[in-house]
Amino acid sequence: MQQRILVTGGAGYIGSHTVVELQQSGYEVVIIDDLSNSSDEVIDGIEQITGIRPAFEKADCTDLEAMKVILNKYPGIQGIIHFAASKAVGESVQKPLLYYRNNLVSLLNLLELMPVYQVKGIVFSSSCTVYGQPDILPVDEQAPIKQATSPYGNTKQICEEIIRDTIHAGAPFQSILLRYFNPIGAHPSALIGELPNGVPQNLIPFLTQTAIGIRKELSVFGDDYATPDGSCIRDYINVVDLAKAHVIAIDRMLQQRTESPLEIFNLGTGTGLSVLELIRAFERATGVNVPHRIVGRREGDIEQVWANPDHANRVLGWTAKESIEDTLRSAWKWQVKLNDKK
Ligand code: UD1
């Protein structure tokens, strides 16, 4: 019998790519999404790729009663992948309570309901933001957690702690925390990808919108950092590679192959790329020019961070496989597709 997995935020960027990989690995998926930062057309895209329409429930995970109704409607959920969260760093500074409510209450609801419905494990979407500016690069999972620089970052740290304390108290389930570096790109089919919400704050959607002419030029936030070319360095990880790690994490929990009830993995490539290097890589990969200009630093930016992914490589048997060129081409193909639809 197919095992049933609940994916909160499954219509979102990383969530939708993960639903595709879960279905292609034989799991039955139930999506909960409030569509606050996505669209139900994403469900069509998933169906076009996999030939299977996932069950979809429009609901807010902070609504405990709504969650109970859904868990009663779909009995036998084995595992949860919890993506549903607000994720804009700048907005979180303006609206901290919105971020604390959304991100914390949704997790609390899930953790309270899991024992009631005998759900065996939860994979949590965390972020390399928990490391702040690491003292040692590449950063591994033993690195200290630094004071968060935004309410968004703080919610990721607090959620990790809530899960840790709950497992420590003997909860009858397991958890895997996945700390993502910078997810980019789109499914190679260009049927799903990152949906822009207003003016993009993240680098790649802004870059592809500039390349296609929606934006005049890309601002490069600072060239006076202590990096070889002065621009910030990040570890850009292909979203499909990232999605695959979630399937491995779910397999691992359901087949009881975990080494402890709480495991933590960095998901990155292990290679850092500067903003300027990334722009050049995009131009090389696509042949499309990206008008850009150096401007001042963006408040709150980390100078440089990239992953030591050895633990995930060794223990999960997972590595990031896609090249940066293919990944950037997939982001470009998705941008072209979005424009054609207009
Ligand atoms: C941030 C968060 C991360 C979160 C992610 C998704 C922090 C420290 N990081 O990542 O936790 O998961 O957003 O929302 O809180 N850049 C430009 N021009 C632009 C946009 C970005 O030069 O127009 C640069 C930035 O300065 C940065 C790099 O591109 O060096 C990547 O930026 P971005 O895509 O916003 O991601 P992060 O800030 O790394």
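Yes/no matrix, rows are residues, columns are (1) closer than 24 Å to Ile176 by Cβ; (2) of a type in the set (A, V, I, L, M, F, W, C); (3) modelled with pLDDT of 95 or more:
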site: Tyr13; (1), (2), (3): yes, no, yes
site: Arg53; (1), (2), (3): no, no, yes
site: Ala66; (1), (2), (3): no, yes, yes
site: Gly79; (1), (2), (3): yes, no, yes
site: Tyr99; (1), (2), (3): yes, no, yes
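Which residue is least open to solvent (accessible area, probe 1.4 Å), if the candidates are limited to the stretch 297-311 and must be over 14 Å from Ile136 (Cβ atoms) and among the acidic types (Asp, Glu)?
Asp301
Can you name every residue in the stretch 127-155 that is assigned to a helix (DSSP H, G or I) and open to solvent by 20 Å² or more (accessible area, probe 1.4 Å)? Walk me through how you get there before you give the answer.
Narrowing the stretch 127-155 to residues assigned to a helix (DSSP H, G or I): 128-131, 151-155.
Within the stretch 127-155, Thr129, Pro151, Tyr152, Asn154 qualify.
Filter the stretch 276-317 for residues that are acidic (Asp, Glu) and not in a loop (DSSP other than H, G, I, E, B); which is nearest to the ligand (Cβ to nearest atom)? Walk me through it before giving the result.
First, the residues of the stretch 276-317 that are acidic (Asp, Glu): 277, 283, 299, 301, 303, 310.
Filter once more, keeping what is not in a loop (DSSP other than H, G, I, E, B): 277, 283, 310.
Details: Glu277: 11, Glu283: 15, Asp310: 21 Å.
Ranking the candidates gives Glu277 first.
For the stretch 48-71, enumerate the residues that are farther than 24 Å from Val20 by Cα and open to solvent by 80 Å² or more (accessible area, probe 1.4 Å).
We begin by selecting, within the stretch 48-71, every residue farther than 24 Å from Val20 by Cα; these are 62-66, 68-69.
Across the stretch 48-71, the qualifying residues are Glu65, Val69.
Taking the stated definitions as given, is Pro115 assigned by TED's automatic domain parsing to the domain that holds Val19, open to solvent by 10 Å² or more (accessible area, probe 1.4 Å) and within 16 Å of the ligand (Cβ to nearest atom)? Let's see the steps before the verdict.
Details: assigned by TED's automatic domain parsing to the domain that holds Val19: yes; open to solvent by 10 Å² or more (accessible area, probe 1.4 Å): yes; within 16 Å of the ligand (Cβ to nearest atom): no.
Criteria not met by Pro115.
Hey, among the residues in the stretch 320-342 that are touching a helix residue (DSSP H, G or I) at 6+ places or on another chain (Cβ under 7 Å) and exposed (fewer than 15 other Cβ atoms within 10 Å of the Cβ), which one's farthest from Gln209 (Cα to Cα)? Walk me through it before giving the result.
Going residue by residue through the stretch 320-342, those that are touching a helix residue (DSSP H, G or I) at 6+ places or on another chain (Cβ under 7 Å) are 320-322, 324-325, 328-329, 331-332, 335.
Filter once more, so that each one left must be exposed (fewer than 15 other Cβ atoms within 10 Å of the Cβ): 321, 325.
Details: Lys321: 26, Glu325: 18 Å.
By that ranking, first place goes to Lys321.
Pairs please, first residue from the stretch 28-53 and more than 25 Å from Tyr99 (Cα to Cα), second anywhere and hydroxyl-bearing (Ser, Thr, Tyr), Cβ atoms under 8 Å, 6+ apart in sequence or on different chains.
Note: pairs meeting the criteria are Gly45/Ser16; Ile46/Ser16; Gln48/Ser189; Ile49/Ser189.
Only one residue in Leu262, Leu218, Leu273, Leu316 is open to solvent by less than 10 Å² (accessible area, probe 1.4 Å) and touching a residue at least 40 places away in the same chain (Cβ under 8 Å), so which one is that?
On the way: Leu262 fails: open to solvent by less than 10 Å² (accessible area, probe 1.4 Å); Leu273 fails: open to solvent by less than 10 Å² (accessible area, probe 1.4 Å); Leu316 fails: open to solvent by less than 10 Å² (accessible area, probe 1.4 Å).
Being open to solvent by less than 10 Å² (accessible area, probe 1.4 Å) and touching a residue at least 40 places away in the same chain (Cβ under 8 Å) holds for just one of Leu262, Leu218, Leu273, Leu316, which is Leu218.
The values are calculated or read from the model by the stated rules, or taken from the named source; none is laboratory data. The model shown is predicted, which means the values in this text are computed figures rather than measured ones. Every residue, glycine among them, receives a Cβ derived from its backbone with ideal geometry; neighbour counts consider all protein chains shown. The area values use the complete protein model at the heavy-atom level, side chains included, leaving out ligands, DNA and RNA. Shrake-Rupley method; radii C 1.70, N 1.55, O 1.52, S 1.80 Å.
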